[in-house]
1. Name the residue that is farthest from LEU32 (Cα to Cα), counting only residues in segment 50-64 that are among the charged types (D, E, K, R) and without any contact (Cβ under 8 Å) to a residue 24 or more places away in the chain.
2. Report the residue count in segment 1-19 for those that are in a helix (DSSP H, G or I), more than 14 Å from ASN45 (Cα to Cα) and open to solvent by 90 Å² or more (accessible area, probe 1.4 Å).
3. Need pairs with beta-carbon distance below 6 Å; first residue under 20 Å from ARG52 (Cα atoms) and within segment 10-29, second charged (D, E, K, R); sequence gap 6+ or separate chains.
4. Here's a check for you: in segment 20-38, which residue that is surrounded by 11 or more Cβ atoms within 10 Å (Cβ to Cβ) and hydrophobic (A, V, I, L, M, F, W, C) is modelled with the highest pLDDT?
Amino acid sequence: MKFSLNGEYITLQQLLKACDLIQSGGQVKAWLAENDVRVNGELENRRGKKLRSHDVVEAAGTRIEIE
């Protein structure tokens, strides 16, 4: 899946919500504890991680390429 970035960055929490992997921001902490999320191949569990163009996020069997 490709995600078009409208600003300088998006946080991991915002991206997961925008891509319908979580329903609300309140779910993100528990969701990250239960699911492996990789940003550019590295495990990531910080919901505020800033993601920029060309980053690749893999979570819950979904690959998201940020444009």
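The values are calculated or read from the model by the stated rules, or taken from the named source; none is laboratory data. Keep in mind that what you see is a predicted model, and the values were worked out from it rather than measured. Heads up, the Cβs are rebuilt from the backbone with ideal geometry, glycines too, and the neighbour counts pull from every protein chain shown. To get the accessible areas, we keep the full protein, side chains included, count just its heavy atoms, and leave off ligands, DNA and RNA. Shrake-Rupley method; radii C 1.70, N 1.55, O 1.52, S 1.80 Å.
1. The extreme case among them is ASP55.
2. Going residue by residue through segment 1-19, those that are in a helix (DSSP H, G or I) are 12-18.
From the residues that got through so far, the ones that are more than 14 Å from ASN45 (Cα to Cα) too are 17-18.
Narrowing further to those that are open to solvent by 90 Å² or more (accessible area, probe 1.4 Å): 17.
Number satisfying all stated conditions: 1.
3. Pairs found: LEU12/ARG47; LEU12/LYS49; GLN13/ARG47; VAL28/ARG47.
4. VAL37
Okay, residues lined up against (1) touching a Phe, Trp or Tyr at 6+ places or on another chain (Cβ under 7 Å); (2) farther than 17 Å from LEU5 by Cβ; (3) of a type in the set (Val, Ile, Thr); (4) in a helix (DSSP H, G or I):
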residue: GLY26; (1), (2), (3), (4): no, yes, no, yes
residue: LEU32; (1), (2), (3), (4): no, yes, no, yes
residue: VAL57; (1), (2), (3), (4): no, no, yes, no
residue: ARG63; (1), (2), (3), (4): no, no, no, no
